[in-house]
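The values are calculated or read from the model by the stated rules, or taken from the named source; none is laboratory data. These numbers were taken from a predicted model, which means no experiment stands behind them. Cβ: placed from backbone, ideal geometry, glycine included. Neighbour counts: every protein chain shown. Just so you know, the surface numbers come from the protein's heavy atoms only, side chains and all, with ligands and any DNA or RNA stripped out. Shrake-Rupley method; radii C 1.70, N 1.55, O 1.52, S 1.80 Å.
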Amino acid sequence: MELSADQQKALSALLKWFGDPKREQFITLGGYAGTGKTSLISVFKTHLTKTDKKMKIAFCSYTGRAAQNLKNKLVEQNALTWRDTISTIHGLIYDPIENTNKEIVGWERKDELDTDLIIVDEASMVDSNIWMDLLSYKIPIVAVGDHGQLPPINGNFNLMANPQLLLTEIHRQAKNNPIIQVSIHARNTGVIPAKEYNAKVIKYSKDDPFSQAMSTELLEGYTTDTLILCGYNSTRARINNFIRTVLGYEHPTPEPGDRVICLRNNQKKNVYNGMLGTIQNIERVEKDWFEAAILMDDSDSLYTGLIYALQFGALNSINFTEQRKFALKGDLFDFGYALTVHKAQGSQAKKVILFEERFSKMDDSTWKKWLYTGVTRAQEELYLFG
């Protein structure tokens, strides 16, 4: 594989780092969309295993969907061997705790890992707690992520704030991708010109008389391959209500088949803030509580537990209000048809519908990251509304 100049420079630095017996435990590699981060990691991995054919490498990512995307790319580039593993970070470092009925009732950190190197993809998503757990194994780590994206949802920790190695050159094939073209506008200027980039990548002006009709038509065509993104929670709630009406739901309470999003981490239940899922079964067991079974997009196991009824349709996460004390015995979920861009970090979809909404207190740098993060959730289709 022919590498660009900055890829070659980064590869040399990675190999020098790994070959140094006095190396720091981790190194960070940042790169914008289209700069070939996965291609570089594939070449780096191939170099290592040529030198040591017994080397074991654990690839991992924050979400199951991101881990699967990484696996597909590595397979395409013939970069995997039977010794390698690919999983979520959670699957790599935690073991399930089962009761006598073989039901998963919690998770505990593994005592040790049988691997020589950990490569973390989508590292911009990693929070401080998970990062400290990863470091605790004293295994070398390469953290790879897009430094143009928003930092993790909670806390001030940002692993990719200042990557030690940087990829900035957009590859020739990526330059022809209209989604990459749009992402460059977002990242560099914070302004995406209203026009048709191709038949499936379009920015509609707020002054376009057909804009409202097009947004309605796109929302009415919602499928699970669609991510609908916005800035305000009030917009998110309105869109959730609209789509549920289109889908035939007659009541404001959640029902089987509803798409939902987790709003609070629960490590024991293997659900994390921002994870999406589909309700399989649900029934009210108390005034403010449902017992629910939810098939999470990023997990092979079924979530079962109590979920707080008053969170559904609320404009803000109850986890950050005084009501939190009433919602501690279960988990927080809300309808997940529309998401804020912050909650969509780590997710991708074939089709993205993005409503540009900027908070009055958002500075230019944060706005560019917000817009860039939203745009780069799209894999094939992108529709923006100014």
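Residue by residue, here is whether (1) small (Gly, Ala, Ser); (2) modelled with pLDDT of 95 or more; (3) not in a helix (DSSP H, G or I) holds:
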| site | (1), (2), (3) |
| --- | --- |
| SER299 | yes, no, yes |
| TYR303 | no, no, yes |
| ILE307 | no, yes, yes |
| ASN316 | no, no, yes |
| ASN319 | no, no, no |
| LYS329 | no, no, yes |
| LYS343 | no, no, no |
| SER347 | yes, no, yes |
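Kindly indicate whether ALA67 is crowded, with 18+ Cβ neighbours inside 10 Å and within 20 Å of HIS171 (Cβ to Cβ).
no
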Quiz item: Of the residues that make up the stretch 161-180, is at least one under 26 Å from GLY274 (Cα atoms) and part of a helix (DSSP H, G or I)?
Solution: yes
Quiz item: Given LYS343, LYS361, LYS368, which one is exposed (fewer than 15 other Cβ atoms within 10 Å of the Cβ) and either closer than 28 Å to ASN198 by Cα or over 20 Å from the mean Cα position of the chain (by Cα) (or both)?
Solution: LYS361
Quiz item: How many of the residues making up the stretch 267-297 are modelled with pLDDT of 85 or more, part of a loop (DSSP other than H, G, I, E, B) and in contact with a Lys or Arg (Cβ under 9 Å, 6 or more places away or on another chain)?
Solution: 1
Quiz item: What single numbered condition from (1) farther than 20 Å from MET125 by Cα; (2) assigned to a loop (DSSP other than H, G, I, E, B) fails to hold for ARG264?
Solution: (1)
Exercise. Enumerate the pairs (first residue in the stretch 202-230 and among the β-branched types (Val, Ile, Thr); second residue anywhere and open to solvent by 80 Å² or more (accessible area, probe 1.4 Å) and outside any strand (DSSP E or B)) with beta-carbon separation below 9 Å, excluding pairs fewer than 6 apart on the same chain, so at least 6 apart or on different chains.
Key: ILE202/LYS195
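Give LYS16, LYS45 a once-over and let me know the one that is buried (at least 20 other Cβ atoms within 10 Å of the Cβ), of a type outside the set (Phe, Trp, Tyr) and assigned to a helix (DSSP H, G or I). Give the steps one after another, and end with the answer.
Numbers: LYS16 fails: buried (at least 20 other Cβ atoms within 10 Å of the Cβ).
On inspection, the qualifying residue turns out to be LYS45.
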